[in-house]
Amino acid sequence: MTFKTEGDCQSSNKINYTDHWDAAYSKTTTDSLGWYEENSTPTLQLIEACQLPKEAAILNVGSGSSTLIDDLLDLKYSNVIASDLSLQALSQLKNRLKATAENVQYIVDDLTNSTALKHLKNIDLWNDRAVLHFFLTEKERTAYFDLLKHIVKKEGFVIIATFAKEGAKKCCGLDVYRYNTAMLQESLGTDFELLETFDYTFINPNGDPRPYVYALFKRVNI
């Protein structure tokens, strides 16, 4: 078993993904992880475009220990949900938030085999930065989008930021499935209207460029 320089992540032929992500977060400080961004400016710009009320239910899938959660609390959003497969990641997030940690709901769940998230209702915003591209099989991707469609309400929003077609082929030692906007639209279907999309090159903590595609959708039908 070996560890990669990006996020000190392990790679193996047969992976227990919970153990994989717990190891990544336990062995590496948040600001050294390959996907860490000090400022979540692209996501925050898209959230601002949604013009959500402060009590809106904002679900951050694969949130890890992202500083976006801090930003949402600073902006006075009062119904913030952080979900991740890794309990270790959410524990680090909770510890960092300290006094404001109680203002966040934490949910450990698997987006491809949900036991907890599937019970949520009327989500105003589904936000995903850098999770979708880890689902390599059609079965996994179908489960992801089925869950999204099950819990995002009509007039709700979806933000997805994922590795672009010309982006890296691996992250944290794992293969990724890369996207363009048309692929995201096809997966969401006609019930979701594309409002905004752009390419964005993220420079990770190692100084390496990571081309992403960002897209904002609004649910127009159930």
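Just so you know, all these numbers are worked out from the coordinates, no wet-lab data involved. What you are looking at is a predicted structure, and each value in this text was computed from that prediction instead of being measured. Positions of Cβ are backbone-derived with ideal geometry, glycine not excepted, and every protein chain shown enters the neighbour counts.
When only Cα pairs below 8 angstrom with a gap of at least 6 residues are kept, segment 2-219 shows a relative contact order of 20 percent. Compared with the rule-of-thumb size 2.2 N^0.38 Å for a compact globular protein, the chain has a Cα radius of gyration ratio of 0.95.
How much mean residue ellipticity at 222 nm does the chain get from its helices, if each DSSP H run of length 4 or more adds -39500 (n - 2.57) and you divide by all residues, to the nearest 500 deg cm²/dmol? Calculated mean residue ellipticity at 222 nm is -8000 deg cm²/dmol. Cβ crowding within 10 Å, taken as a proxy for footprinting-reagent exposure, orders Lys218, Lys165, Lys27 from fewest neighbours to most as Lys165, Lys27, Lys218. Annotation: amide H-H contacts under 5 Å for Tyr177 (H modelled 1.01 Å from N, sequence separation of 5 or more, or interchain): Phe134, Phe135. Rounded to whole numbers, the Karplus 3J(HN,Hα) couplings from phi for segment 204-221 are 7, x, 8, x, 8, x, 10, x, 10, 10, 10, 8, 10, 10, 10, 7, 10, 9 Hz, using 6.51 cos²θ - 1.76 cosθ + 1.60 with θ = phi - 60°, and x at Gly and Pro. Scalar couplings 3J(HN,Hα) for segment 51-62, obtained by applying the Karplus form with A = 6.51, B = -1.76, C = 1.60 to θ = phi - 60°, are 6, 7, x, 5, 8, 4, 7, 10, 9, 9, 8, x Hz; x denotes Gly and Pro. The calculated FRET efficiency for Lys169 paired with Gln105, based on their beta-carbon distance and R0 = 35 Å, is about 0.55. In plain terms, the chain from Asp208 to Asn113 could stretch by 31.0 nm, reckoned as 0.36 nm per residue minus the Cα-Cα distance. Karplus-derived 3J(HN,Hα) values for segment 74-79, using 6.51 cos²θ - 1.76 cosθ + 1.60 with θ = phi - 60°, are 4, 7, 6, 6, 10, 9 Hz; glycine and proline are entered as x.
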